[in-house]
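Let me begin by presenting the structure, written as structure tokens, before commenting on it.
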Amino acid sequence: MAPTAAAMVMNRAPKTILITGVSRGLGRALAVEMAKKGHTIIGCSRAQDRLNSLLDELSSSQPPQDNNKNNPSSSKHLLMKVDVRSDSSVQVLARAVMETKGIPDIIVNNAGTINRNNKLWEVPVEEFDTVIDTNIKGIANILRHFLPLMLGRKQGIIVNMSSGWGRSAAAQVAPYCASKWAIEGMSRSVAKELPDGMAIVSLSPGVVNTDMLASCFGSSASLYRTPEAWAPKAATLILNLSVADNGASLTV
Ligand SMILES: NC(=O)c1ccc[n+]([C@@H]2O[C@H](COP(=O)([O-])OP(=O)(O)OC[C@H]3O[C@@H](n4cnc5c(N)ncnc54)[C@H](OP(=O)(O)O)[C@@H]3O)[C@@H](O)[C@H]2O)c1
């Protein structure tokens, strides 16, 4: 369905966008793209050095009107070292966001990990747990702390990064497939719990050349599009989401 003129004006209004897993890959490219469009980024990952370099890039790419002349080094964005597997770390993030930025308009649950290619019965216990803890419980942790804030004003869009492997099967990546199928089910279930005015979707990003793709595709990952080529399309899709999309399984 084509967005209405009113919806397109709304989509251009600056938004506060929380993206998990912004240190590299799709999350980083999406953060840069959204910042270029004038939106405020709240981001997290576990790698402080990469967050520092991203903050420099976001600040230098923000539109001139957003630059603070009194303090050129200040940024309107907030990047925090947070492991989404830790409920208490996510709680600290939610507190910091409320103190400094207010309730996000959009949340993109992007942080994710994949098992090394292996048959299910050869995947080490810890590795299986890491995939589940990051990809499923990580999203649940974010929703636990941020959804109640959004519910208060019955407004907000949540995007849960799924995968083609959340809708199909593949050998060697069963833990990852299981986690992404879970995200599809969790998103569609939560969609039934949200009030009017809010939406949650699962989003398959297609196939993009990132560290994760290199892990499962090897050197042929370089045949696929870059995160920077992917991000403008993803940003447009995400900014155009509306309550009519609640419960949808979408693809960039
Ligand atoms: N690339 C593709 O073709 C493709 C296809 C389908 C779906 N996806 C999905 O798209 C999303 C992004 O994938 P990608 O390809 O960009 O992967 P990537 O290059 O491996 O990046 C993953 C990101 O997630 C962060 N992350 C991982 N574990 C985390 C944790 N415990 N806490 C916080 N952040 C964490 C990483 O940051 P740190 O390591 O610094 O914490 C990194 O920023 C994932 O959900 C993935 O499943 C990707």
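Laboratory data are not the source of any read-out in this text; all were calculated from the coordinates shown. Keep in mind that what you see is a predicted model, and the values were worked out from it rather than measured. Here the Cβ positions follow ideal geometry from the backbone for every residue, glycine too, while neighbour counts run over all protein chains shown.
Annotations
- Database remark: amide H of residue 113 closer than 5 angstrom to the amide H of 135 (H placed geometrically; neighbours at sequence offset of 5 or more, or on other chains; Pro and chain starts carry no H).
- Only Lys, Arg (+1) and Asp, Glu (-1) charged, at Cβ; the chain dipole about Cα centre in debye: 440
- Count of Lys pairs (Cα-Cα under 17 Å; at least 8 positions apart or interchain) in the chain: 13
- In terms of the mean number of neighbouring beta-carbon atoms within 10 Å, the peptides 216-229, 43-56 order highest first as 43-56, 216-229.
- FRET E, pair residue 168, residue 61, Förster distance 30 Å, beta-carbon r, rounded to 0.05: 0.25
- Degrees between helix 138-153 axis and first principal axis of the chain (Cα, 0 to 90, nearest 10): 30
- Relative contact order (%) - segment 14-251, alpha-carbon pairs under 8 angstrom, separation at least six: 20
- Our helix-only sum for the chain, with -39,500 (n - 2.57) per DSSP H run of n ≥ 4 divided by its residues, gives a mean residue ellipticity at 222 nm of -13500 deg cm²/dmol.
- FRET efficiency, 1/(1 + (r/R0)^6) with R0 30 Å, evaluated for residue 98 and residue 226 via beta carbons: 0.30
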